[in-house]
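The values are calculated or read from the model by the stated rules, or taken from the named source; none is laboratory data. All figures in this text were calculated on a predicted structure; none of them were measured in a lab. Quick reminder, even Gly has a Cβ in these numbers, built from the backbone with ideal geometry, and neighbours come from all protein chains shown. We work out accessible area using only protein heavy atoms, side chains counted, and drop any ligands, DNA or RNA first. Shrake-Rupley method; radii C 1.70, N 1.55, O 1.52, S 1.80 Å.
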Amino acid sequence: MRLFIGGEWVEPEGGHYEVVDPATEEAVGLAPEASLRQVQEAAAAAKEAFGSWSRTRPEERAALLDRAAEVIARDAEAHARLARAESGATTGTARALQVAVASARFRRYAKGALEPVEQPLPPQISAAGPMGPAGVLGAVAVRRPVGVVACITSYNNPWANPAGKVAPALAMGNTVVVKPAPQDPLSVYAMARALEEAGVPPGVVNVVTGAGAEVGEAVVGSPDVDMVSFTGSTAVGRRIGEVCGREVKRQLMELGGKGAALVFDDADLDAAVRGIGTTFSFYSGQICTAPTRVLAQRGVYGRLVELLTGYLGRLRVGDPADAGTVVGPVISAAHRDRVEGYVELGREEGARVIRHGSPPGYGKGFYVAPALLVDCAGDMRVVREEIFGPVVVVVPFDDEEEGVALANDSDYGLIDYVWSGDVARAFRVAGRLRAGGVGVNTVGRNLEAPFGGFKKSGVGRDCGSYALHAYSELQALVWPG
């Protein structure tokens, strides 16, 4: 595997490092290690390509993004196998939620490239004065591309996450330098090959990788980068934000989450359990939008714990290539140990730990048996900190006021959830939650809705047309009427 810089596949000056299958601990392939000089070359190539790409007709950008979607879909099975191997996702997740979503996002932003960028503004009557004679001034606000966008992506979805950054950025006329997560970058190179086949001009898309933090830091700090789009932990996002603040770079940050799921006495408990249970299964809990912090009203607390325990008992932990597997491995040995450390911490803090299922018996792979931590309190670390694994904590509450207070008592505010048979109450409670999104009786997502977080869960919004706004600057044009 080689770096993709300026439309060329370039030998990495830092050599290569192994990408490991989380299920087998065997090498999937070798990823290139970019030198700092090559990072700067990639950013310079993107800067040089920006002038011509930003002036292309929207129809040209739309056609290219459509072709990229077709190429990705054509090779979907091979892409899904690669994604499964390097990320540990189950086959179904790799197909439907990674590769298929990536293709759909390129199609969505092919249409997005054709969306109007002008917003007419009301004319303004200007009296005579130091600025000139009296007159009527017309105005229009126009969205313009930002420039070179650094797309730094997360390991939990090596297809959909990069596509959600690259596609809208290109649709708006930006050029990009993509720096994938070090654990599973091979899928992003496959995406680059699809874009190359679709006819992306040299320098418009560049991909650089590295096993450590140095390559990402160099991308963020490059003077040729105008904007950073990052998905990952709040701790890393804070460090990126410091660099962006010093250099006054635009930023889009989708950071951590500790989603509260308020379950009221009148809720459909079966529906709530199905929704909460996705924490255990999708990406083995490695998803920032998961309802990991369950707040259960006391009238249903015992029954909800009973149902969640039964749900755990039906989960099969195993090889993600097997059709019956629901919970695959987490991304690495270090992350497995981190998650297990939190489960033990919860036990020490006084939670009752319920676990069912065990890792496969062949002794390999970074598996974590799903855990339900019950009888928790709001001040426990396992309740307050993002675990990012197949672990759900349950906290009881008495009334609506206490439930809302517990939900909002968090550093995070990405997506919360409310389950209640009283729709009026559900929407009333949703309006009081300090989160960028709220699911009312569902964990489903409307991908045209704005996505992003309050508090330490991020800065800015993407998805739908909001992503086009995120990757653009507003320019005001004013003229005499």
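Cα convex hull, region 180-333: 175 Å³ per residue, rounded to a whole number.
Close amide H contacts of Val10 (hydrogens built in the peptide plane, cut-off under 5 Å, sequence separation of 5 or more or a different chain): Leu3, Phe4, Ile5. Extension gain for Arg355-Val248 works out to 33.8 nm (0.36 nm per residue, less the C-alpha to C-alpha distance). In the context of the full set of protein chains, region 108-175 has a per residue accessible area of 41 Å² (1.4 Å probe).
Is there a quick way to get the dipole size of the chain? I mean about its Cα centre, with the Cβ of Lys and Arg at +1 and of Asp and Glu at -1; what is the value in debye to the nearest 20? Could you put the intermediate results ahead of the total?
Numbers: 48 positive and 57 negative charges, 157 e Å.
Computed about the Cα centre, the dipole is about 760 debye.
The modelled label-to-label distance for the pair Asp265/Ala141, using points 7 Å beyond Cα in the direction of Cβ, is 4.7 nm.
How many lysine pairs does the chain hold where the Cα atoms are under 15 Å apart and the two sit 8 or more places apart or on different chains?
On the way: Lys47/Lys249; Lys165/Lys179; Lys258/Lys455; Lys258/Lys456.
Counting lysine pairs in the chain gives 4.
Using θ = phi - 60° in the Karplus curve 6.51 cos²θ - 1.76 cosθ + 1.60, the 3J(HN,Hα) couplings for region 315-323 round to 7, 9, 9, x, 4, x, 7, 7, 4 Hz; x is entered for Gly and Pro.
Dipole magnitude for region 388-433: about 240 debye, using +1 per Lys or Arg Cβ and -1 per Asp or Glu Cβ, origin at the Cα centre. When a/c reaches 1.5 or more, the comparison of a/b and b/c decides; with that in mind, is region 1-87 rounded, prolate or oblate per its Cα gyration tensor? It comes out oblate by the Cα gyration axes. Local charge for Ala333 was computed over the other residues whose Cβ lies under 11 Å away, with Lys and Arg +1 and Asp and Glu -1, and equals 0. Peptide packing for 143-151, 125-133, 202-210, 369-377 was compared via the average number of neighbouring C-beta atoms within 10 Å per residue; ordered from the highest value, the list is 202-210, 143-151, 369-377, 125-133.
Any idea of the accessible area per residue across region 300-450, 1.4 Å probe, to the nearest Å²?
Working: 6400 Å² over 151 residues.
Result: 42 Å² of accessible area for each residue.
Take Val20: with every protein chain present and a 1.4 Å probe, its accessible area is about 50 Å².
Using the rule -39500 (n - 2.57) for each DSSP H run of four or more residues, divided by the residues of the chain, the 222 nm mean residue ellipticity is -12000 deg cm²/dmol.
The DSSP beta bridges internal to the chain are antiparallel in roughly 50% of cases. The local environment of Arg250, defined by Cβ-Cβ distances under 11 Å, has a net charge of -2 under the rule Lys, Arg +1 and Asp, Glu -1. Across the options His335, Ala167, Gly285, the greatest Cα extent toward the positive end of the charge dipole of the chain (unit charges at beta carbon of Lys, Arg, Asp, Glu) belongs to Ala167. Taking Cα centre as origin and charging only the Cβ of basic (Lys, Arg, +1) and acidic (Asp, Glu, -1) residues, the dipole magnitude of region 162-253 rounds to 260 debye.
Taking a 1.4 Å probe, which of Glu86, Glu25, Glu115 shows the most accessible area, and what order do the others take after it? Kindly include the intermediate steps, with their values, before the conclusion.
Details: Glu86 0, Glu25 85, Glu115 50 Å².
Reading off the accessible areas and sorting them downward yields Glu25, Glu115, Glu86.
Under 5 Å from the amide H of Asn156 lies no amide H of any residue 5 or more positions distant or on a separate chain, with H modelled from the backbone and absent for Pro and chain starts.
Could you tell me what percent of the accessible area of the chain is made up of carbon and sulfur, with a 1.4 Å probe and every protein chain present? Ligands and nucleic acids excluded, carbon and sulfur give 54 percent.
Sequence gap at least 6, Cα distance under 8 Å: using those rules, report the relative contact order of region 68-134 to the nearest whole percent. Mind dumping the intermediate values first?
On the way: 39 pairs, mean separation 20.3, N = 67.
Computed value for region 68-134: 30 percent relative contact order.
Which cross-chain or sequence-distant (5 or more) residues have an amide H under 5 Å from the amide H of Ser457, H modelled 1.01 Å from N in plane? Residues meeting the amide H criterion: Gly413. A straight line joining the Cα centroids of region 87-106 and region 237-292 runs 19 Å.
Evaluating 6.51 cos²θ - 1.76 cosθ + 1.60 at θ = phi - 60° for every residue in region 263-272, the Karplus couplings come out as 10, 8, 4, 9, 6, 7, 5, 4, 5, 5 Hz, glycine and proline recorded as x. What the phi angles of region 395-409 give under the Karplus curve with 6.51, -1.76 and 1.60, with θ = phi - 60°, is a coupling list of 10, x, 9, 8, 9, 4, 4, 5, x, 5, 4, 5, 4, 7, 7 Hz, glycine and proline written as x.
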